1. Looking only at segment 7-35, count every residue that is of a type in the set (Ser, Thr, Tyr), farther than 17 Å from Ala235 by Cα and out of contact with any Gly (no Cβ under 9 Å at 6 or more places or on another chain) and tell me the total.
2. What tally of residues in segment 186-206 results from selecting those that are modelled with pLDDT of 95 or more, within 13 Å of Pro256 (Cβ to Cβ) and either β-branched (Val, Ile, Thr) or in contact with a Phe, Trp or Tyr (Cβ under 6 Å, 6 or more places away or on another chain) (or both)?
3. Restricting to segment 10-36, give me the number of residues that are among the hydrophobic types (A, V, I, L, M, F, W, C) and more than 25 Å from Pro118 (Cα to Cα).
4. Tally up the residues in segment 1-23 that are outside any helix (DSSP H, G or I), buried (at least 17 other Cβ atoms within 10 Å of the Cβ) and hydrophobic (A, V, I, L, M, F, W, C), please.
5. Only one of (1) more than 28 Å from Ile291 (Cα to Cα); (2) touching a residue at least 24 places away in the same chain (Cβ under 8 Å); (3) surrounded by fewer than 23 Cβ atoms within 10 Å (Cβ to Cβ) fails for Ala51. Which number is that?
6. Is at least one residue of segment 122-136 more than 30 Å from Gly14 (Cβ to Cβ) and either among the basic types (Lys, Arg) or crowded, with 20+ Cβ neighbours inside 10 Å (or both)?
7. Name every residue in segment 105-124 that is without any contact (Cβ under 8 Å) to a residue 60 or more places away in the chain, under 27 Å from Leu227 (Cβ atoms) and of a type in the set (A, V, I, L, M), in order of residue number.
Amino acid sequence: MTGWNAADIPDQHGRTVIVTGATSGLGAEAARALAAAGATVILACRDQDKARATADDIGGGVEIRRLDLADLSSVRAFAAGLDCDIDVLINNAGVMAVPRGTTADGFERHLGVNHLGPFALTGLLVNRVRGRVVTVTSGLHVLGRVRADLQFERRRYQRWLAYAQSKLANLLFAYELQRRLAATGRRTVSVAAHPGVTATEGQRADTSLQGKVLAGGPAQSPAMGVLPLLYAATAPDVRGGVCIGPDGFLQRHGYPTVVGTSRRSRDAERAAWLWRRSEELTGVRYAIERIGVA
């Protein structure tokens, strides 16, 4: 896959892809590239005005649906309103290192938007996704700890650690979902992806010294950062239960490849615990059926 880029995306005509958070940054880049390859792309976005601007910019092959991952009633309404099967679900939307706050359902904001919202959305759609579920994580997952105090109710809130915990949760979820899909004989696969250090809206908004240190140097463009997501979503040789990231130094920049993730991200016992806790918090319980094609 050396040097793989958007021009290498296989023909996507006849395929339907959901991209969450598609109004800017990686989501908008992914939607643009997939639509150009022939896919019907559903822009699942909270801000409908921005979504329409993105759709106008892409120029065709896209639909707009409202989705607010910070509100489980919106997640349920989105899933109930879909009238088609899905080939690929890209769980891209998220928040990064924001001040302490809560979602509409009272969840700590990073946990709610980055993990619990996508967990619920995927659970509600899992038997309609025929190909792949791509969950976007971050290299900063290595700083994360998924603890019993998921919502920082008893420990001091630190926005970067809250973000890192949510990104570790993304990997635990992606790998556990693959185990559960495989156990039912499904050919649908779950794969994670991360963009390295990319000039997204969230990163540009963080001008703190801590943010600059964690970024670790100049950011690559969204057009480069999105390549691991696109590879995970479309490349024929992608296997479930892996993470796709940049092939450069410390996974910060470069072209897509299978990358290693932390030992904590591969902790099946912790993943099963997080799964049970996520079902309790969201009220969404997975019932994976033996259907689907790769």
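1. Residues flagged as of a type in the set (Ser, Thr, Tyr), farther than 17 Å from Ala235 by Cα and out of contact with any Gly (no Cβ under 9 Å at 6 or more places or on another chain) within segment 7-35 amount to 2.
2. Matching residues across segment 186-206 total 1.
3. 1
4. Within segment 1-23, residues that are outside any helix (DSSP H, G or I), buried (at least 17 other Cβ atoms within 10 Å of the Cβ) and hydrophobic (A, V, I, L, M, F, W, C) number 6.
5. Against the list (1) more than 28 Å from Ile291 (Cα to Cα); (2) touching a residue at least 24 places away in the same chain (Cβ under 8 Å); (3) surrounded by fewer than 23 Cβ atoms within 10 Å (Cβ to Cβ), Ala51 comes up short only on (3).
6. No, there is no match, as no residue in segment 122-136 is more than 30 Å from Gly14 (Cβ to Cβ) and either among the basic types (Lys, Arg) or crowded, with 20+ Cβ neighbours inside 10 Å (or both).
7. Of everything in segment 105-124, just one residue is without any contact (Cβ under 8 Å) to a residue 60 or more places away in the chain, under 27 Å from Leu227 (Cβ atoms) and of a type in the set (A, V, I, L, M), namely Val113.
One line per residue, one yes/no per condition, for (1) in contact with a Cys (Cβ under 6 Å, 6 or more places away or on another chain); (2) modelled with pLDDT of 95 or more; (3) of a type in the set (D, E, K, R):
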site	(1), (2), (3)
Leu227	no, yes, no
Val238	no, yes, no
Gly245	no, yes, no
Pro256	no, yes, no
Thr261	yes, yes, no
Glu279	no, yes, yes
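The values are calculated or read from the model by the stated rules, or taken from the named source; none is laboratory data. Bear in mind the structure is a predicted one, so any value in this text is a computation, not a measurement. Because the Cβ atoms are built from the backbone with ideal geometry, glycine has one as well, and the counts that use them run over all protein chains shown.
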